[in-house]
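Below: one structure, written as structure tokens.
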Amino acid sequence: MAVTRETLTINMGPQHPATHGVLRVVLDLEGEVILGARPVIGYLHTGFEKEMETRTYHQNIVFPPRVEYLATMIEEAAYVQAVEKLLGITPPPRCQVIRVILMELSRIASHLVWLGTSAIDLNISSAFMYAFVDRERILDLFEQISGQRMMHGYMRVGGLQWDLPEGFEAAVRQLMEDLPRRLDEYERLLTDNLIWRERTEGVAVLPAAEAVAYGCTGPVLRGSGVNYDVRKAFPYSGYEQFAFDVPLGRHGDAFDRYTVRMEEMRQSRRIILQALDRLPDGPVAVDDRKVVLPPRRELVRSMEAVIHQFKLVSEGFHPPVGEVYHAVESPRGEKGYYLVSDGSNRPMRVRIRAPSFCNLQALPVMVFRGTFADVVVAIASIDIVLGDVDR
Amino acid sequence: MSDRRPEERLDERPDAQPDELPPALARIADAVGGAWLSGAVQEVVEFRGETTLLVARERVLDVLRYLRDGARPRFPMLTDLTAVDCCPREPRFEVVYLLTAVDPRPGAPSAPAVRLRVKTRLPGSDPRVPSAVGLWPAANWLEREVYDLFGIVFEGHPDLRRILLPDDWEGHPLRRDAPLVEEPVEFVGHVPKVPSEIIPRVPPRTRPT
């Protein structure tokens, strides 16, 4: 449709509360109908890829949770697993299962933030407070194991920082027991809410072919009905051993994305319960002194251990020359780390494949011919994290 | 590390061209089909179970179009597009396309997905490569990002502007000769050292220790 004299161009953002951070969308409006939308990004560009090229593989563990600050455990796991793939090592089974528990808890925590903030975008502020109460309970667990509430630094190349604390499993089980009741409550509050249905059904539609062509992943792609989940397609951390379903939408609208995420939280609970049942005993890091620091008790009686400790702390390790891409299913879609090693103790190139970046690119398709109020719904239903978009 | 995996010593680069295609690669060679036969693919690298095709710059769009439309399996999704600066090596830049084969039909059962990486090398002076926006709209922002951060020009791109940095920014920060500007954090009684210098860079070892 052509831009006419009646067309009004306005800015939404970069500080609009409904843009979830610093996103600016330039909208061409005719009356209230959207004729064009141009997202403008880069207000939060932090240059993490450059930073990661100048530090050792181990020092870089602090960056991923800061890139995408809602699903921090998933981010850390994505990076360390990429380095493990580069090194060609596999962490022990206990570490893998603990990672699965933490990643799924992280997914639930992230989806709860999405649920709360997208509800507040549609003027339902009570859901925001309920969802954040549940999220805090998960963050309390993360604080219990790592000492940090949000930027944990708990994952290590080849394993974990240390084993789980006493009482962790019981606390997770208690949380998982409470979760279905809470989710049912949110569903009653939103799914059965006439205003919520009117605002989301048939709004911000993204057809499946467009979603694939734009490289969308995660609930945005699955809401359009395309069956692609990295946990199923390219299993990592032993996900192939867990029974879970991949929820799919049919129409590709905002309501489908909402139902997909709600179901994903239930599936995550299913995975966590299976993982708790089969949590094996054993070490939580590989027995390789060239990669993982030796245990403290060895340092007092083994000169070898002291040498390994010194080399790892003062220099780090040298992966072989090569390049790998490792992706995980983050709450927003496929989060991938592409690492190029030149054989030195620092990565030559770190590329972060950010799901929000690709999903946001499809925003103009979603909002075309919609109304101004639909833009808020569309942005909320993509579940963008601007740190992930700009990196 | 070399004592653990003798087959991957650093002096034996894993990207050496194999004389005969290993069985794992025969499948990919089949997928690339015609483009493979006509000599567009210069080299195949297999590392950690991932396959990379090295393609000449002139043929990169042909190969990508073939992979999207004609290959078995088809690759309808451009998952990622990025670049690597190999300075001081010449050709200096590598543009990397990461393709994923997914079933784009709604509700189709999940098929075992396949990934393929396509690479093309560009010279350090005036790096140019044809744009893939006509094949995947996903390439639009990704190419703008590579242009912004590396200065690689995508010919035929509909809207090649900076995306992450301000329009009046000078230079391309992800090039290896672009310096990292850091501020040392000062504490009392502490000699300031910029964070990236706390552990010095140790170059690749020529010989396993």
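The values are calculated or read from the model by the stated rules, or taken from the named source; none is laboratory data. On a predicted model such as this, the values are computed, not experimentally measured, just so you know. Glycine also receives a Cβ, built like all others from the backbone with ideal geometry; neighbour counts cover every protein chain displayed. Only protein heavy atoms, including side chains, enter the accessible area calculation; ligands, DNA and RNA are left aside. Shrake-Rupley method; radii C 1.70, N 1.55, O 1.52, S 1.80 Å.
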Can you tell me the order of A:162-173, B:46-57 when each peptide is scored by its average per-residue count of other Cβ atoms within 10 angstrom, highest first?
B:46-57, A:162-173
Two decimals, Cα atoms only, Kirkwood Rh: what is Rg/Rh over the stretch B:169-209?
1.13
Out of A:31, A:42, A:238, any idea which swings most in a Gaussian network model of chain A, alpha carbons joined below 10 Å?
A:31
So which GluC sites (Glu not before Pro) in the stretch B:170-199 are both in a DSSP loop and have at most 14 other Cβ atoms within 10 Å of their Cβ?
B:170, B:182, B:186
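Using only alpha carbon pairs under 8 Å that are at least six residues apart, calculate the relative contact order of chain A and give it in whole percent.
Numbers: 726 pairs, mean separation 102.3, N = 391.
RCO, chain A: 26 percent.
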Students often forget the sequence filter, so: which lysines lie under 21 Å Cα-Cα from residue B:193 once same-chain residues fewer than 8 apart are removed?
A:50, A:311
How big is the B/A interface in buried accessible area, both sides summed, 1.4 Å probe, to the nearest 100 Å²?
5700
Starting from one equal scatterer on each C-alpha and no solvent at all, send me the Debye-based log10 I(q)/I(0) for the protein assembly as shown at q = 0.10 Å⁻¹, two decimals.
-0.90
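Over the stretch A:101-179, what is the relative contact order in percent, taking alpha-carbon pairs closer than 8 angstrom and at least six residues apart?
Numbers: 58 pairs, mean separation 15.8, N = 79.
So the answer I get is 20 percent.
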In vacuo Debye scattering of the stretch A:89-234, one point per C-alpha: log10 I(q)/I(0) at q = 0.15, 0.18, 0.19, 0.21 Å⁻¹?
-0.98, -1.19, -1.23, -1.30
Result for chain A: accessible area per residue, probe 1.4 angstrom, in square angstrom, of 35
Let me check something: with ligands and nucleic acids excluded, how do A:69, A:130, A:236 order by accessible area (1.4 Å probe), largest to smallest?
A:130, A:69, A:236
If you build the convex hull over the alpha carbons only and average its shadow over all orientations, what do you get for the stretch A:174-251? Give it in nm² to one decimal.
6.9
Using a Gaussian network model on chain A with a 10 Å cutoff between Cα atoms, which of A:231, A:135, A:38 fluctuates the most?
A:38
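Please report Rg over Rh for the stretch B:77-209, where both radii come from the alpha carbon positions and Rh follows the Kirkwood definition. The partial results should precede the final answer.
Working: Rg = 19.7 Å, Rh = 18.0 Å.
Here Rg/Rh amounts to 1.10.
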For residue A:232, give me every one of the aspartates and glutamates with a C-alpha distance below 19 angstrom, ignoring sequence neighbours fewer than eight places off in its own chain.
A:75, A:104, A:240, A:245, A:263, A:264, A:329, A:334, B:50, B:103
Under the classification rounded if a/c is under 1.5, otherwise prolate if a/b is larger than b/c and oblate if not, where does the stretch A:275-346 fall, given a ≥ b ≥ c as square roots of the Cα gyration tensor eigenvalues?
oblate
Estimated FRET transfer efficiency when R0 is 25 angstrom, pair residue A:136-residue A:194 (beta carbons, to 0.05)
0.25
